[in-house]
1. Could you order Met328, Met34 by accessible surface area, starting with the largest, using a probe radius of 1.4 Å?
2. Of the peptides 51-57, 94-100, 41-47, how do they stack up when ordered by the mean number of other Cβ atoms within 10 Å, highest first?
3. With only Lys, Arg, Asp and Glu charged, each at its Cβ (+1 for the first two, -1 for the last two), find how big the charge dipole of region 111-186 is about the Cα centre; round to the nearest 20 debye.
4. Taking the Cβ of Ile156 as the center, what net charge do the other residues with Cβ under 12 Å away carry, scoring Lys and Arg +1 and Asp and Glu -1?
5. Calculate how many DSSP beta bridges within the chain are antiparallel, expressed in % of all such bridges and rounded to the nearest 5.
6. Assign unit charges at the C-beta atoms only (+1 for Lys and Arg, -1 for Asp and Glu), then state the dipole size of the chain relative to its Cα centre in Debye, rounded to the nearest 20.
7. Treat each spin label as a single point 7 Å out from the Cα along the C-beta direction, and report the Asn282 to Arg55 distance in nm.
8. Less than 21 Å apart at the alpha-carbon level, and either on another chain or at least 8 residues along: which lysines does that give for Lys272?
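The values are calculated or read from the model by the stated rules, or taken from the named source; none is laboratory data. This one's a predicted model, so the numbers in the text were calculated from it and none came from an experiment. With ideal geometry, Cβ positions are generated from the backbone for all residues, glycine too; neighbour counts draw on all protein chains shown. Ligands, DNA and RNA are excluded from the accessible area calculation, which covers all protein heavy atoms including side chains. Shrake-Rupley method; radii C 1.70, N 1.55, O 1.52, S 1.80 Å.
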Amino acid sequence: MDDQATLYDNHGRRINYVRLAVTDRCNLRCFYCMPEEGIKYVAREDLLTYEEMERLLRLLQGMGITKVRITGGEPFVRRNMIEFLRTICGMGFEKVNITTNGTLTHDVVPELKAMGISSVNLSLDSLDAGRFYEITRRDVFPKVMETFHALIDQGINTKINAVVMDGKNIDDLIPMAELTRDHPVDVRFIEEMPFNGEGSHYPVLEWNHRRIVEHLRGAFPDLEKVPDPPNSTSMNYRVPGFLGKIGIIAAYSRTFCGTCNRIRLTPKGMLKTCLYDNGVFNVRDLMRAGASESQIRDTFLEALGHRAKDGWEAERNRNGGLPVTESMSTIGG
Ligand code: SAM
Ligand code: SF4
């Protein structure tokens, strides 16, 4: 790898992780992510093609990216996703991970295992079918549970992502944490962010990371802190004797920005150097205008040279300081 092309930001942070949102389309309508109706999907011709995504990943690999996460929208609603995943798995990255809602994946888990997917984040906000329906507005809870069991059976490293929502799934927190008793999974509770296509649901965040931990300690008084891996966004805990871990992601409080090692590419090819920024340049347009590899590389280096220090600064720097309102399905989480 050419040292001069290695991606660092202006705060000296090495960037080695890209999150690629392969579509903004989704078969669920999780209320914290999208409005129920009236969503304007990106026109198909405006989505990055598989060839463009592959080209970008190769280029980023040459700049020191070692870890890729495929996300969306729901990645598996995009046609030929399995073939694309197989291509990426063959590219030599250290890790290829997926974030999915698990509704379309129960049959393909053995294929994911065979191609070498390192880890799957399964989004699941409730263990109660009725509440699942209320949150996602789709009646597909059993499909997600089938995926969950298939992932465990195949021995794929599995994390469950649960957004913590005041008045919606608080009764689920303890049963979900209980999953770590007999299953080797990490259950991660995520602070709700205002990326729902409308803006914040609350004047203040009712369930921040501190309140989530206190709530868990009420049920598991011996909950113990365990070391967090480098660049981890979760604060990690364990109940002694349980097989899995419990993580808390302070996604709204933004406690983890100091060690951020990631960039995001949206389905339209926008580079985001922070979840909370507005997108810093459109790499799809650059490619379609005929840019060479070195021109694209230089543009990435330049963009990372002006990166916000943290999510608060990135949010302040958005167009005219406008608040976050876009849907997470256009970003990928
Ligand atoms: N559709 C896939 C899924 O749900 O796993 C992948 C895309 S989804 C946008 C990625 C992650 O973002 C999910 O774990 C989801 O729970 C999380 N997410 C979406 N909207 C959020 C919000 N407003 N606050 C916190 N997390 C959110
Ligand atoms: Fe779809 Fe994932 Fe958003 Fe839910 S969180 S609506 S599954 S993109």
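1. Most to least solvent-accessible, the answer reads Met328, Met34.
2. Descending mean neighbour count gives 94-100, 51-57, 41-47.
3. Value, rounded to 20: 220 debye.
4. Working: positive: Lys113, Lys159; negative: Glu111, Asp153.
Combined, the nearby Lys, Arg, Asp and Glu give 0.
5. DSSP beta bridges in the chain are roughly 25 percent antiparallel.
6. On the way: 42 positive and 45 negative charges, 105 e Å.
So the magnitude is around 500 debye.
7. The answer from the label model is 1.6 nm.
8. Partners found: Lys40, Lys67, Lys95, Lys309.
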